[in-house]
Amino acid sequence: MKNRTNYIVILLALTALIFAGCSSDAEDTSGEDYLMAGYYMLAGEETALTDDSKATAPVFEGDFSDLSFPDYWVGTTRKINNYPEQGQKTYVTVSQYDTDVYFISSKTEYPKKEEILDYYLEEYYIQDEGDEFWDGDDAVVDPDDLAGSEGDYFRETMEVVFQDGSVRKEWIAEIPDAADRYDAFDIDDEMAIPDDESFITSTANDQSWSSKVYYYQKVETSLGYFDDNNIEIFGVRYYTELADGSSSTLVFEKVLSREDATLDTSTSPDLYDYIFGDIAGATVLAETITREGIDSSRTDKKSKGRSSINTKYNKTVTVDKILEYSL
C-alpha cells in the first residue's frame with residue numbers, strides 16, 4: 001500500500017495578521033500559492049492522473065527509447081500523463097527539421113494548480129545518433145552549429161506562463177563536467193538561502209548528471225502581501241542525479257522590488273548577485289527554498305518548500321510545505 005502524507009504548516013496564520021489590527025481584508029494577505037509555484041511544479045501531486053475524456057491526443061505508454069522518430073513521434077502530438085511529475089500532463093510535438101535533426105516542443109499543464117500556472121513550454125532540437133530511436137544517445141543541439149560544444153545549453157524556448165500573463169524565463173547556466181557534478185542535496189538541510197555557493201560539493205564518478213538553471217519573472221499581478229508594484233522573481237535551480245539512480249533538486253528564489261526595473265533575459269544573464277548578494281535600492285519581498293529528492297529505486301519521492309514573506313504589515317509570514325508519496 002502506498003503511504004502518502006501531506007503536511008502544510010503555516011507558522012504565522014492569516015488570522016494573526018487580522019487580529020493584530022493590520023487588515024480585515026483577506027484579499028490583502030493573499031499570495032502564498034503564487035510565491036510557492038516553483039515548489040508545486042517540482043512536488044507534483046500525490047494522486048496520479050488517469051486518462052481523461054478531454055484528451056484529444058494519444059496517451060503515452062512505454063519508454064522513449066523504444067519509439068522511433070519517423071514511426072511514432074513525427075507528425076503528431078503525444079500526451080504523457082504524470083510527466084515530468086505525478087499529477088501533471090505534457091504534450092510532446094515532434095517535427096523533422098533536417099535529415100537527422102528533430103524539433104521538439106514539450107508543453108506541460110498543471111491540472112491541480114491551473115488557477116496559478118498556465119503551462120511550461122520547452123522547445124529544443126535533437127540530433128539522432130543514427131538509429132532513428134529517441135534515446136540517451138541523441139544530443140540536444142543548436143541547429144545552426146551542429147558541431148558546436150554548447151549544444152546542451154541551447155533551448156529555443158524555456159519558459160513558464162502564469163495565468164496572470166507573467167512569463168518566467170529560464171536558461172541553463174551550467175552543466176558541470178563529470179569531475180564537478182554536484183553531490184546529492186540533503187532533503188533535510190537548512191531551508192534558507194546561504195551567502196554563496198560554497199554549499200555545493202562534488203565527488204568525482206558518483207554522479208551521472210548535474211545542471212544549474214537560472215530563471216527570472218516580472219510579476220504582472222498584484223499580490224496582497226505587498227504594496228510594491230514592481231515585483232521581480234530571481235531564481236536558481238540545481239539538479240543532480242547519482243549513479244545509483246537517485247536524484248535531488250535544490251531551488252533558491254528571491255523576490256525583489258526595484259524601482260521601475262525589468263531584467264533583459266535575452267542575454268541569459270548571471271543572476272548570482274541577485275540571489276546571494278544585496279542589490280542596491282532593492283527591497284526583499286520574499287525568499288523561497290525548495291528541496292526535492294527521489295530514492296535510488298525511483299519509487300519514493302519527498303519535497304519540502306519554505307517561503308518567508310516580508311509583508312507590508314511589517315510582519316514576516318513563513319509558509320512550510322512537505323509532500324511525500326510513492327511513485
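The values are calculated or read from the model by the stated rules, or taken from the named source; none is laboratory data. If you're wondering where the values come from, they're calculated on a predicted model, not measured in any experiment. Using ideal geometry, Cβ is built from the backbone for each residue, glycine included, and neighbour counts are taken over all protein chains shown. Ligands, DNA and RNA are excluded from the accessible area calculation, which covers all protein heavy atoms including side chains. Shrake-Rupley method; radii C 1.70, N 1.55, O 1.52, S 1.80 Å.
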Completion exercise
Checked the range 272-327 for anything open to solvent by 40 Å² or more (accessible area, probe 1.4 Å), of a type outside the set (Ser, Thr, Tyr) and assigned to a strand (DSSP E or B); matches are VAL284, GLU287, ASP300, LYS302, ARG306, ASN310, ILE322, GLU324
Handout entry: Residue among GLU61, GLU46 that alone is part of a loop (DSSP other than H, G, I, E, B) and modelled with pLDDT under 95
Key = GLU61
Practice task
Determine, yes or no, whether SER166 is buried (at least 21 other Cβ atoms within 10 Å of the Cβ) and closer than 23 Å to LEU42 by Cα.
Solution key: no
Exercise for the section: Filter the range 149-162 down to residues that are modelled with pLDDT under 95 and open to solvent by 30 Å² or more (accessible area, probe 1.4 Å) and give me whichever is nearest to SER68 (Cα to Cα). Expected result: ASP152
Completion exercise
Contact list, first residue from the range 276-303 and free of Cβ contacts under 8 Å to residues at least 24 places away in the same chain, second anywhere and open to solvent by 20 Å² or more (accessible area, probe 1.4 Å) and part of a strand (DSSP E or B), beta-carbon distance below 9 Å, six or more apart or interchain, is ASP278/VAL284
Problem - Of all residues in the range 251-266 being polar (S, T, N, Q) and free of Cβ contacts under 8 Å to residues at least 40 places away in the same chain, the one that is surrounded by the fewest Cβ atoms within 10 Å (Cβ to Cβ) - result: SER266
Exercise for the section: Pairs only if they're at least six apart or on different chains, beta carbon under 6 angstrom, first in the range 141-168 and over 30 Å from ALA37 (Cβ atoms), second part of a loop (DSSP other than H, G, I, E, B) and not hydroxyl-bearing (Ser, Thr, Tyr); list them, first residue then second. Expected result: GLY148/ASP142
Exercise for the section: Kindly indicate the residue of the range 101-133 that is more than 18 Å from GLU156 (Cβ to Cβ) and either small (Gly, Ala, Ser) or more than 22 Å from the chain's Cα centre (by Cα) (or both) and also surrounded by the most Cβ atoms within 10 Å (Cβ to Cβ) among those meeting that condition. Expected result: PHE133
